Amino acid sequence: MFVGSETEKKRLSKAGKVGIALGVILPSILIIGLLLLFFKRRRSFSREFQTRNTYADHSSNPDVEGGSVYFGIPLFSYKELEEATSRFDLNKQVGDGGFGTVYYGKLHDGREVAVKRLYEHNYRRVEQFMNEVQILTRLRHKNLVSLYGCTSRTSRELLLVYEYIPNGTVASHLHGESAKPGLLPWSTRMKIAVETASALAYLHATDIIHRDVKTNNILLDYSYCVKVADFGLSRLFPNDVTHVSTAPQGTPGYVDPEYYQCYQLTSKSDVYSFGVVLIELISSKPAVDMNRDKDEINLSNLAIKKIQEGSLVELVDPCLGFDSDNEVKRMVVSVAELAFQCLQRDKELRPSMEKVLEMLLRIESGKHEPEHLEVVDAGHGVSNVNSQQPQPSISPEWDQIVLLKNVKPPSSPITVTDSWESESTTPNVSS
């Protein structure tokens, strides 16, 4: 009886020790496994970047940044770009965005360039860097800024090298440091609208959404030709889906209210932002102005309000000759009608960028007339821009306010000159 009891005690003691050992070893193995998985995933992006850089001929140059090619574009060395920008001199800074600062530079071969310097060299910025490189290298359009090259992933900093566009942004000419009365006549603004729409329609046709359309991203050369820039927020759009779900990004005052609310990105998000750009071209006012009344801080809100009141004339920049030139008045009213369509709250009620471009070309050529040419002018009654001409027939494209067939129109006016109350069109709220 004593012997059996002693044996039982030894067996239990041994089992207890095994249990304790397993209790210590198994959690340790689990923790080590999780740590290995974490570091493996952290390094996966770096390895992917390396494998994608199949174009680089490292043997051709001991400095893999210089003289090599990545995604079909040249790789610049950090040293060369540092020298080109005078060590990133603050006096050479020409732009500042959500993902990087842009500097003017001059390369050894004499080319003037804009060097975009990403803020941080971390996973997020490398991903953004690769995104922009991949998108820009596949695009060819006269109204899109060209990418000359970039630094390699091993560079001290991530840098993108663009063609330099010397005449600033549309924003600076409309309501910024370069703004002067009469500097941008309506004909030039119409040209800017058409060329910007052409660039965006091209992007959408290649399944790319810009996501940050604004006048600060529309550059001008000395002939006032447009170069749409800053694809840092661009998103490749899969062909087999209706939208991409993502957290709202972009610039307050331009963000699609439906995108902001539902986190659903579509090409119609760019259309909304372009509608704000059209209103800026008409009014010379910024998209957001905290000095305006509370319900007019967003330009889209102000525009809709003036449209509702039938007071478009109060929105138009007085320097455009709206009251003295019937042809200007015809085009401004037509563009305002188109902008109103772009600013519809429901994305399904907005036209596509292809349709927007088509209508702008018709307006510019004189082949399109506003549906109603009466414009309410506060203090001057009602005027008609073509009082001596018969009322033209309405084009088939405009027989529905939404420019879409088989869609019930919202409670909104037939044109921008009608007084109305709308429950369906609400501008976005800046944050």
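The values are calculated or read from the model by the stated rules, or taken from the named source; none is laboratory data. Quantities reported herein were computed from a predicted structural model and do not represent experimental measurements. For neighbour counting, all protein chains shown are included, and Cβ atoms are generated from backbone atoms with ideal geometry for every residue, glycine included.
Quick one: count up the residues across segment 149-172 that are crowded, with 19+ Cβ neighbours inside 10 Å and under 21 Å from residue 112 (Cα atoms).
13
Let me spell it out: the conditions are (1) assigned to a helix (DSSP H, G or I); (2) within 30 Å of residue 207 (Cβ to Cβ), and residue 345 meets all of them except one. Which number is the exception?
(1)
Working only within segment 173-190, note down all residues that are surrounded by fewer than 22 Cβ atoms within 10 Å (Cβ to Cβ) and touching a residue at least 40 places away in the same chain (Cβ under 8 Å).
If the condition is that a residue be surrounded by fewer than 22 Cβ atoms within 10 Å (Cβ to Cβ) and touching a residue at least 40 places away in the same chain (Cβ under 8 Å), then 175, 179, 181, 182, 185, 190 are the ones that fit.
Can you pull out every residue in segment 314-342 that is assigned to a helix (DSSP H, G or I), in contact with an Asp or Glu (Cβ under 9 Å, 6 or more places away or on another chain) and either surrounded by fewer than 21 Cβ atoms within 10 Å (Cβ to Cβ) or not assigned by TED's automatic domain parsing to the domain that holds residue 193 (or both)?
314, 330
Mind listing whichever residues of segment 264-287 are in contact (Cβ under 8 Å) with a residue 40 or more places away in the chain, within 18 Å of residue 345 (Cβ to Cβ) and not in a helix (DSSP H, G or I)?
Passing the criteria: 265, 266, 287.
How many residues are of a type in the set (S, T, N, Q), modelled with pLDDT under 95 and farther than 22 Å from residue 299 by Cα when one looks only at segment 202-234?
Qualifying residue count, segment 202-234: 2.
List the pairs whose first member sits in segment 352-371 and is outside any loop (DSSP other than H, G, I, E, B), whose second member is of a type in the set (Phe, Trp, Tyr), and whose Cβ atoms are under 9 Å apart, counting only residues at least 6 apart or on separate chains?
353/202; 353/274; 356/274; 359/398
Looking at 263, 272, 254, which one is touching a strand residue (DSSP E or B) at 6+ places or on another chain (Cβ under 6 Å), more than 13 Å from residue 337 (Cα to Cα) and in the same structural domain as residue 363 (by TED's automatic domain parsing)?
Exactly one of 263, 272, 254 is touching a strand residue (DSSP E or B) at 6+ places or on another chain (Cβ under 6 Å), more than 13 Å from residue 337 (Cα to Cα) and in the same structural domain as residue 363 (by TED's automatic domain parsing), namely 263.
Mind listing whichever residues of segment 288-299 are at pLDDT below 95 and in a helix (DSSP H, G or I)?
Answer for segment 288-299, where residues must be at pLDDT below 95 and in a helix (DSSP H, G or I): 294, 295, 296.
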